[in-house]
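The structure appears right after this line, and notes come after that.
Just so it is clear, none of the values below were taken in a lab; they were calculated from the coordinates. This is a predicted model, so every value here is computed, not measured. Cβ sites come from the backbone with ideal geometry, for glycine too, and all protein chains shown count toward neighbours.
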Amino acid sequence: VTVRILQFGATGQLAREMLDRTGDEAAVTALSRADVDLTQPDAIRRAILDARDVDLVVNAAAYTAVDKAESEPDLAYAVNARAPEAMAKACQARGVPLVHISTDMVFSGAKAGAYVETDPPAPLHVYGASKLLGEQAVLGACDRALVGRVTWLFSAYGQNFLQIMLRLAASQPVLKVVDDQRGRATASADVAAFLIAQAGRLAQAPAGAPEWGLLHLVGPTAATRLEMAQALFEVAGLSPTIEPVPTSAFPTPARRALNAELDSTRLQAVFGLQLRPWREALEAVVGQMGVTRGGAA
Ligand SMILES: NC(=O)c1ccc[n+]([C@@H]2O[C@H](COP(=O)([O-])OP(=O)(O)OC[C@H]3O[C@@H](n4cnc5c(N)ncnc54)[C@H](OP(=O)(O)O)[C@@H]3O)[C@@H](O)[C@H]2O)c1
């Protein structure tokens, strides 16, 4: 049987990877901004309650401009906190489960090791605080909700670290890359593949099942931004001059945590799997981007 997924977000990195995988296993109906503006809770509620066939709701949309959120807090809170709350309430009323995507940025980075789901959050900025409120609202309003936290999403789509590095490498004589931020970067493709593969199980899981709650959706290995950039250029056959710099060399309105590493033990324990190591996923994504040895296509 095909699981029918109603998805908020059609154009984002993760949303597009979900749409790429729509098929016999799971059929994804994606709602774009033109269909439902996430600043309108009534429109969100109607979209869920009026949808014809839906077994699972996925929220792949968010206000993701981390620095801009400092000057647009109302919009960030509306999209990242009140919108998922409206989704969770409507899902609860309709009796369908909800998958909501969150972030490592709910943490301050002060912990010495990788963060587990039970660690207390302490966001450093508006974006992180708005995402934390969204998590809490979702888990409080819907008893069949999975909140998957991801880190440094990368894909062949949209603007992410990989595209930025390739663009800068082509335009700057020396590329400054931070070497003191560490995390387990997640391929959007791997999150989408996980959600599509688990959609049937999630659609069936009753309230109280171990599938629900917070889940760190990251791979088994961590790297610094510098290590990721080096791997990217190696795979792409490029050799720009790189200057390692500390995060403090790039002052940003929203302060970045140095330790963004999430632990994936719970993913392994509950679902019996791990996502690909970042390096393997990066090779696949670079291949998909059409980057050829010696230059970007
Ligand atoms: N990117 C990362 O590195 C990262 C890291 C950790 C966690 N996350 C989380 O992962 C999830 C997916 O992120 P992503 O990188 O795929 O996001 P993205 O590429 O920035 O896409 C965001 C999506 O949200 C939609 N959206 C924003 N405001 C909206 C509104 N008011 N009404 C309707 N739609 C709206 C956008 O639509 P438009 O195209 O119309 O603007 C777009 O489809 C998010 O929950 C994010 O917080 C991302």
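About its Cα centre, the dipole of the chain is roughly 100 debye, where the only charges are +1 on Lys and Arg Cβ and -1 on Asp and Glu Cβ.
The H on the amide N of Leu262, modeled in the peptide plane, is under 5 Å from the matching H of Tyr115, Arg184, each at least 5 residues off or on a different chain. Using the Cβ atoms and a cut-off under 13 Å, what net charge is assigned to the surroundings of Ala207, where Lys and Arg are +1 and Asp and Glu are -1? For residues surrounding Ala207, the net value is -1.
Using the alpha-carbon positions of segment 119-250, Rg (one decimal) and Dmax (whole number) come out as 18.1, 56 Å.
In summary, the aspartates and glutamates within cross-link reach of Lys111, defined as a Cα separation below 16 angstrom excluding same-chain residues under 8 places away, comprise Asp119, Asp180, Glu261, Asp263. For segment 87-153, the percent of C-alpha pairs falling in each 10 Å distance bin, counted from 0 to the bin holding the largest distance, reads 21, 48, 25, 5, 0. The alpha carbon centroids of segment 28-65 and segment 126-160 are separated by 15 Å.
Taking every alpha-carbon pair under 8 Å whose residues sit at least 6 apart, the chain reaches a relative contact order of 21 percent. For the chain, the longest principal axis of the alpha carbon atoms and the long axis of helix 83-94 meet at an angle near 30°. Which lysines have a Cα less than 22 Å from the Cα of Lys89, not counting those fewer than 8 places away in the same chain? Correct list for Lys89: Lys131.
With all distinct Cα pairs included, what does the Kirkwood hydrodynamic radius of segment 118-187 come out to in Å, to one decimal, could you say?
On the way: mean 1/r = 0.0660 Å⁻¹.
Computed over Cα pairs of segment 118-187, the Kirkwood hydrodynamic radius comes out at 15.2 Å.
What Kirkwood hydrodynamic radius do you get for segment 179-228 when you take the inverse of the mean 1/r over all pairs of distinct Cα atoms, in Å?
Numbers: mean 1/r = 0.0773 Å⁻¹.
Evaluated over segment 179-228, this radius sits at 12.9 Å.
Charges at C-beta only: +1 for Lys and Arg, -1 for Asp and Glu. How large is the resulting dipole of segment 153-297 about its Cα centre, in Debye rounded to 20?
Values: 12 positive and 11 negative charges, 43 e Å.
Once rounded to the nearest 20, the dipole reads 200 debye.
Enter the per residue convex hull volume of segment 222-297, computed from alpha-carbon coordinates, in Å³ rounded to the nearest integer.
It comes to 127 Å³ per residue, whole-number rounded.
Working value for the chain: equivalent-ellipsoid semi-axes of 31, 21, 19 Å, each the square root of 5 times a Cα gyration tensor eigenvalue, largest first.
Using +1 on the beta carbon of Lys and Arg, -1 on that of Asp and Glu, and nothing else charged, what's the dipole of segment 1-115 about the Cα centre, debye to 20?
It works out to roughly 240 debye.
So what's the projected area for segment 52-182, the Cα convex hull averaged over all directions, in nm²?
Working: hull surface 40.5 nm².
Averaging across all directions leaves 10.1 nm² for the Cα convex hull.
Under 5 Å between amide hydrogens, built in the peptide plane, is the criterion, and for Thr103 it picks out Val150 among residues at least 5 positions away or on other chains. Once the Cα atoms of helix 41-50 and of the chain are each reduced to a long axis, what angle between those two axes, in degrees from 0 to 90 to the nearest 10, is obtained? Relative to the chain, helix 41-50 is tipped by roughly 60 degrees. The share of Cα pairs per 10 Å bin across segment 7-91, counted from zero up to the longest distance, runs 18, 49, 28, 5, 0 percent.
Between Asn59, Val96, Leu31, the Cα set farthest toward the positive side of the dipole of segment 1-153 (charges on each charged residue's Cβ, about the Cα centre) is that of Val96. Suppose we look only past 16 Å in the calculated P(r) of segment 197-250. What percent of the Cα-Cα pairs does that tail hold? Roughly 65 percent, once rounded to a whole number. Quick one: angle between helix 188-204 and the longest Cα principal axis of the chain, in degrees between 0 and 90, rounded to 10, please. Taking Cα atoms only, the helix is inclined about 20 degrees.
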